[in-house]
Every structure is written in structure tokens, then in C-alpha cells.
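Trainee: Following this message is one structure expressed as C-alpha cells.
The values are calculated or read from the model by the stated rules, or taken from the named source; none is laboratory data. Note that this is a predicted model, so its numbers are computed, not measured. FYI the Cβ positions are ideal-geometry reconstructions off the backbone, even for glycines, and counts take in every protein chain you see.
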Amino acid sequence: MERINLNLLRALNALLEHRNVTRAAEKLNISQSAMSRQLGQLRTYFDDEILIREGGDYLLSALAQELKPSIQSIVSQVDNLRNETQKEPEKYQRSFTFSSTDYVANFIFPDVIKAIQAKAPGIDIHYRQWQPDWINQLGSLPIDFASTMTSAPPENLYGIHLGQDHPVVLMKKSHPLSSMSDISLPKPLEFPFIRITAGGDKDGFFDTHLEKKGLKRRVAVETPFFTSAFNICESSEMLVIVPRHIAENARKIHAVSWRELGMDDLPQHEYYLLWHSIHHHDQAHRWLRELIAEIMEDSIFSPQGMQ
């Protein structure tokens, strides 16, 4: 048996309610001839008259009377689903999962939560620390939004561009290299490095550059957290390569300073708020991602906010 589509179910519901082709057509805002064609399709599908003319009126067939409560229930449930997605933000009752580095979680996301609580208090947010290899798995992960660096959104992902900047070297204020305006090779290799492993690739370009020159650095510490990297950096002579806007904000809180890398081929970091295509047409998701992106773009802790 062929499947019945939603339009035919709506037509059937209107016909069962009004028992009249003209009034059913008016309810659905279609022509009488279109409704007559749909009645013909319904009669073929159910192998039943559905409406039986008697004088100037129609009567419901026995099958139609039997179908009426079920059809009304199905159409009502579908309409409720549609209404659920078209709610105003203050009526949303949803949970979303956001993933980013601890830098975004600590310095930017509190403002996002404040805005959500003011505009959509029924939304709950769960946080997961972003891992670089997740970018190609986003559709299979329980993550609704991800903030990370990438050159462009991969296939099946959508994104809002949040800004760009370039990498610099962060060090403690009293570091031997802090008197230099920029740091060229091989000077920084005299000191060990900290590598931040969470988020996008922040320093892989540096190792590639060193390899081409037959050089290598020592990575003495690996940590997924910006905050721990900052704390280690300000209490040692270790260096850490981070995006410029993060370095600029770190120096406001920690006893650190930053210098430009003396390289001609420095990459540009591009920042995106990403989501998988499976969420693209979700109205509540759309509202929330636009809110998140607006706050992230305007934050003084973002690359845009530093400009």
C-alpha cells in the first residue's frame, strides 16, 4: 500500500470535520477542485467512499467515522510538534551542549549564560571541552555548538565567522627574551615550551617551520588548559605559543608579556562557531547560535573585541 502524505491527512481531517468539500477547502485555503482531487485520492487509498452524498449534504461512511478520532489525534500531534519549534525564546524548554576551550568557558561564556537566563530561562547548557579531532565527528557527537579555530567549516558543517588573528609567544614579564621586540630563530629554542592540547591547532605550524630548517624545540609540558599554561608560564622561563588576543588578555591577569614571532610565514587563525547540518533548520538552535555568536564577537576577550 502506498504511503499517505501529511497534506492528504490534513485534507481528510477537514473533510471529516466539515463533511463538506467546499467548507473543507475553505479551511485549508485551497480551491474546491483541489479538495475534490484530494478526496478522490483518499477514496482510492482507503478503498472507501469516505463521504456519501445524501440530498444536499454528505454523510460519513462507517470507515470514516472509525478513522475520525485517530486522524484528529495525528494531525493535532503534528501541529503541536510544529508549534513546539515555533515557540518564542522565553518558552523554550531545551538542553544544548556547547564545546570550546577553557579560555572561552572562563572568559566569554559567563556572558552567554547571563543572556540566556534573561531571554530564555528554560534553556539548560552543558559544557564539554573541545578536542581538535572532533571537528570531523560533530554529527555523531552530542554537541550542538563548537567554538574553535579552523581555516573553513568542513563539509556538512555550518559556521559563523568570529574573527581572526595570528600567533605570538607568551612569556613571564621578567623573561630574558622580554626585552626583544620580536623573537627570531634560533633564540626561542634556548627555552622549553608549553603546548596547549585542547582546541584548534595553535602551534603545529611552528614545528613544521622548525623541521624545514632542521631544528627542533623541547616541549616540556602539555596541558589542555589555558589557565594552567598561563600559571606555569608566569612562574618559569617556559614559552607558550597562543593567539594574539588570548596573549593580550592573559597579560591583564597574569604576570606575563608577549612578543611577535620573527617569521615571514605566520598563519592567520580563523575562529568559528560551528554546528552540524542536522541542526541547521532547528529554530531554537538558530536563535541560540545567533545569540552566542553575537556575544562572542562583541566580547573584549575575543579577536573581534581586541580590534
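Trainee: Looking only at region 130-151, which residues are surrounded by 15 or more Cβ atoms within 10 Å (Cβ to Cβ) and not hydrophobic (A, V, I, L, M, F, W, C)?
Mentor: Gln131, Pro132, Asp144, Ser147, Thr148, Thr150
Trainee: Being surrounded by 16 or more Cβ atoms within 10 Å (Cβ to Cβ) and over 12 Å from Glu190 (Cα atoms) is the filter here, so list the residues in region 211-223 that pass it. Steps first, please.
Mentor: In the first step, residues of region 211-223 are kept if they are surrounded by 16 or more Cβ atoms within 10 Å (Cβ to Cβ); the result is 217, 221, 223.
The answer is Val221, Thr223.
Trainee: Moving on to the next point. List the helices (runs of 4 or more DSSP H) inside region 60-153, counting only whole elements, that have at least 2 residues being in contact (Cβ under 8 Å) with a residue 40 or more places away in the chain and of a type in the set (Val, Ile, Thr).
Mentor: In region 60-153, the matching helices (runs of 4 or more DSSP H) lie at 62-85, 109-119.
Trainee: Let me ask you something else. Are there any strands (runs of 3 or more DSSP E) wholly within region 189-307 with 1 or more residues that are hydroxyl-bearing (Ser, Thr, Tyr) and out of contact with any Cys (no Cβ under 9 Å at 6 or more places or on another chain), and if so which?
Mentor: By residue number, 219-223, 256-261, 269-276.
Trainee: Go through (1) surrounded by fewer than 14 Cβ atoms within 10 Å (Cβ to Cβ); (2) in a helix (DSSP H, G or I); (3) modelled with pLDDT under 85 and name the single condition Thr44 misses.
Mentor: Of everything listed in (1) surrounded by fewer than 14 Cβ atoms within 10 Å (Cβ to Cβ); (2) in a helix (DSSP H, G or I); (3) modelled with pLDDT under 85, Thr44 misses just condition (3).
Trainee: Considering every residue within region 131-144, establish whether at least one is under 24 Å from Lys252 (Cβ atoms), touching a Ser or Thr at 6+ places or on another chain (Cβ under 9 Å) and not assigned by TED's automatic domain parsing to the domain that holds Asn231.
Mentor: No: zero hits.
Trainee: Next question. Could you check Ala247 against (1) more than 19 Å from Pro167 (Cα to Cα); (2) assigned by TED's automatic domain parsing to the domain that holds Lys202; (3) not aromatic (Phe, Trp, Tyr) and say which number it fails?
Mentor: Looking at each condition in turn, Ala247 falls short on (1).
Trainee: Restricting attention to region 197-224, which residues are closer than 18 Å to Ser100 by Cα and at pLDDT below 95?
Mentor: Thr197, Ala198, Gly199, Gly200, Asp201, Lys202, Asp203, Pro224
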